[in-house]
Amino acid sequence: MKKTIALVAHDNRKKDLLDWVEHNREKLKDHRFFATGTTGKLIATVLDDVSRLKSGPLGGDQQLGALIAEGRIDYLIFFWDPMTSQPHDVDVKALLRLSVLYNVPTASNRSTADFLITSALFADPDYKPIVKDYSVYLHRNTF
């Protein structure tokens, strides 16, 4: 079963993500992808079915967040740079918050990405993450 995988990398991590994609091309080739800006352009040189969104700082992170909220992303591979301040840090935080909120399996480094795609659950067409019902939170704060 085709999975929809979001691929994102900060500037200093783009080569790392591209290397990971090239190394795992056979496992990834039958899936579809969403990627932000330049990352998408690089990934499209290795994989087919890559939909490119805007650059992260120009709204691409928010576009991915919307896809997650709509239930259209199965996995998020986000090689973020822990050593460089990002001008769009609030967008990055929001994207990661949504991946947790909607229980989307998320990898932020190569080791975790390797574990994710080699898991038996990755190939299981019936596996669906359980999404917690947060509706109780909507009723707590009345203004």
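Would you mind stating whether Arg52 is of a type in the set (Lys, Arg) and without any contact (Cβ under 8 Å) to a residue 24 or more places away in the chain?
yes
Sort out which residues of segment 95-129 are in a helix (DSSP H, G or I) and charged (D, E, K, R), and write them in order of number.
Arg97, Arg110, Asp114, listed by residue number.
Filter segment 3-47 down to the residues that are within 18 Å of Asp124 (Cα to Cα) and charged (D, E, K, R) and list them by number.
Result: Lys3, Glu26, Lys27, Lys29, Asp30, Arg32.
Could you identify the single residue in Thr4, Thr84 that is hydroxyl-bearing (Ser, Thr, Tyr), closer than 19 Å to Phe115 by Cα and touching a residue at least 40 places away in the same chain (Cβ under 8 Å)?
Checking each option against the conditions leaves just Thr4.
Let me spell it out: the conditions are (1) farther than 20 Å from Met1 by Cβ; (2) of a type in the set (Phe, Trp, Tyr); (3) without any contact (Cβ under 8 Å) to a residue 24 or more places away in the chain, and Tyr134 meets all of them except one. Which number is the exception?
Going through (1) farther than 20 Å from Met1 by Cβ; (2) of a type in the set (Phe, Trp, Tyr); (3) without any contact (Cβ under 8 Å) to a residue 24 or more places away in the chain one by one, Tyr134 breaks only (3).
Only one residue in Gly56, Gly71, Gly37 is touching a helix residue (DSSP H, G or I) at 6+ places or on another chain (Cβ under 7 Å) and farther than 15 Å from Ala94 by Cα. Which one?
It is Gly37.
Which fully enclosed strands (runs of 3 or more DSSP E) of segment 1-94 have 3 or more residues being out of contact with any His (no Cβ under 9 Å at 6 or more places or on another chain) and surrounded by fewer than 22 Cβ atoms within 10 Å (Cβ to Cβ)?
So the answer is 50-53.
Looking at Ser111, Ser99 in this structure, which one is surrounded by 13 or more Cβ atoms within 10 Å (Cβ to Cβ), of a type in the set (S, T, N, Q) and modelled with pLDDT of 95 or more?
That would be Ser99, the only listed residue that is surrounded by 13 or more Cβ atoms within 10 Å (Cβ to Cβ), of a type in the set (S, T, N, Q) and modelled with pLDDT of 95 or more.
Filter segment 35-49 for residues that are in contact with a Lys or Arg (Cβ under 8 Å, 6 or more places away or on another chain) and of a type in the set (A, V, I, L, M, F, W, C); which is nearest to Val8 (Cα to Cα)?
Among those residues, the one meeting the criterion is Ala35.
Can you name every residue in segment 114-126 that is free of Cβ contacts under 8 Å to residues at least 60 places away in the same chain, exposed (fewer than 14 other Cβ atoms within 10 Å of the Cβ) and under 24 Å from Ala66 (Cα atoms)?
Within segment 114-126, just Asp126 meets the criteria.
The values are calculated or read from the model by the stated rules, or taken from the named source; none is laboratory data. Keep in mind the model is a prediction, meaning the values are calculated, not measured. All Cβ positions, even for glycine, are placed from backbone atoms using ideal geometry, and neighbour counts span all protein chains on display.
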